[in-house]
Structure formats: structure tokens, C-alpha cells
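The structure appears right after this line, and notes come after that.
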Amino acid sequence: MNVFKDYYNNTVQLSFLDHPFSKNPKHVWVICKYKDKWLLTDHKERGIEFPGGKVESGETADQAAVREVMEETGATVKKLHYIGQYKVDGRYETVIKNVYFAEIKELIPQPTYYETKGPVLLKKIPANIKRKTNFSFIMKDAVLESCLLRIKKSYV
């Protein structure tokens, strides 16, 4: 279990165990790879980040992950891997998210990308991402670092 503070100084617990905080989390975050590049999205308010969002009524977290990737990037998921789960104890609420690694089959232009500006492909995640103002706060804590290490060991 990794415990640290996020960008807003909230306590975050990250675990690579099988659903340690909730069997039915309400949020997902999907680290995507497409043709040797990282596939992200440009959120209209937060900046560049990996796709993710809320689990809708009647869907599983896995289904939400696939849907969010499509809605925010236009990508279809070839393979979805559960990586872990993290819990953020925020000022007003506690958020629990499943983290996934998605291997992307194809990228299809969409008429809308909802709350994002669409796909962003990067050969590398910047080393100094914490200082980059065009990246979302979601990309600036130890969740990303830890999950990328895990993905590189197991899948890439």
C-alpha cells in the first residue's frame, strides 16, 4: 500500500491488490497505449490527462473504463487490464477509483469528445510533468508514477 499526498494535499492510498477499497467503485482512470504511444485526452478544464470518469448507473467499472476511453478519445479498447485501486480522502468526499491499463485497437475520429478536446498522443510522458501547466492535476502525483512502473514491468 502506497500512501502519499496529492496535488491538493489530500491523502491518497494506492494499492495493487484486487479491489481493496470497494468492489464497486464509482470512478475509473485508464492509462492507454496505442501503437507505441501513450493515448491521453485534453480535458477542457483540467488539461492533458489519461481518460476516466464516473461509473454510470447499471454499468460495471470495466464497462465505464471502455466507455470513457471511447467518449474522450475515440479509441476502442483491445485489451483492458485492472492495475489497482486508489482512494482519495478529499475535503468534501472520498473518491475511490479503479486504475486500468488499456491496449488500444484503433482510434476513430468522433463528432464530439464530450468534456474533452479529444485525443493526445505522446511518445513519452514528460519527466517534469509536475511543472507543466498544460497537464491536469491528476497526472501530478504518485498514482501515475507507481502505475506506469507497474505497467512497464507487466505489459510494455
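Of all the strands (runs of 3 or more DSSP E) wholly in the stretch 44-117, which have at least 3 residues that are surrounded by fewer than 20 Cβ atoms within 10 Å (Cβ to Cβ)? Give the steps one after another, and end with the answer.
Values: elements: 47-49, 52-54, 75-89, 94-107.
So the answer is 75-89, 94-107.
Count, please, the residues in the stretch 39-67 that happen to be of a type outside the set (Gly, Ala, Ser) and in contact with a strand residue (DSSP E or B) (Cβ under 8 Å, 6 or more places away or on another chain). Step through it out loud before you land on a result.
So the first thing to find is which residues in the stretch 39-67 are of a type outside the set (Gly, Ala, Ser), and the list is 39-46, 48-51, 54-56, 59-60, 62-63, 66-67.
Imposing the further condition that a residue be in contact with a strand residue (DSSP E or B) (Cβ under 8 Å, 6 or more places away or on another chain) reduces the set to 39-44, 48-51, 54-55, 62, 66.
Total satisfying the criteria: 14.
I need the full set of residues from the stretch 146-156 which are surrounded by 13 or more Cβ atoms within 10 Å (Cβ to Cβ) and at pLDDT below 95, in order please. Write out each step before concluding.
Restricting attention to the stretch 146-156, the residues satisfying the condition of being surrounded by 13 or more Cβ atoms within 10 Å (Cβ to Cβ) are 146-148, 150-151, 155.
Once the filter is applied, which keeps residues that are surrounded by 13 or more Cβ atoms within 10 Å (Cβ to Cβ) and at pLDDT below 95, the stretch 146-156 yields only 155.
In the set 117, 130, 44, which member is closer than 27 Å to residue 153 by Cα and either more than 11 Å from the chain's Cα centre (by Cα) or at pLDDT 95 or above (or both)? Walk me through it before giving the result.
Values: 117 fails: closer than 27 Å to residue 153 by Cα; 44 fails: closer than 27 Å to residue 153 by Cα.
Among 117, 130, 44, only 130 is closer than 27 Å to residue 153 by Cα and either more than 11 Å from the chain's Cα centre (by Cα) or at pLDDT 95 or above (or both).
State which residue is nearest to residue 86 (Cα to Cα) when the search covers only the stretch 128-144 and only residues that are out of contact with any strand residue (DSSP E or B) (no Cβ under 7 Å at 6 or more places or on another chain) and part of a loop (DSSP other than H, G, I, E, B). Give the steps one after another, and end with the answer.
So the first thing to find is which residues in the stretch 128-144 are out of contact with any strand residue (DSSP E or B) (no Cβ under 7 Å at 6 or more places or on another chain), and the list is 128, 130-133, 137, 140, 144.
Add one more test, that the residue is part of a loop (DSSP other than H, G, I, E, B), and what stays is 128, 132-133, 140.
Working: 128: 23, 132: 23, 133: 24, 140: 15 Å.
Applying the filter and picking the extreme gives 140.
Is it the case, given these coordinates, that residue 120 is touching a residue at least 60 places away in the same chain (Cβ under 8 Å) and under 30 Å from residue 18 (Cβ atoms)?
Values: touching a residue at least 60 places away in the same chain (Cβ under 8 Å): yes; under 30 Å from residue 18 (Cβ atoms): no.
Here the answer is no, as residue 120 does not meet what is asked.
The values are calculated or read from the model by the stated rules, or taken from the named source; none is laboratory data. This structure is a prediction, so every number in the text was calculated from the model and none was measured. So basically every Cβ, Gly included, is an ideal-geometry build from the backbone, and we count neighbours across all protein chains shown.
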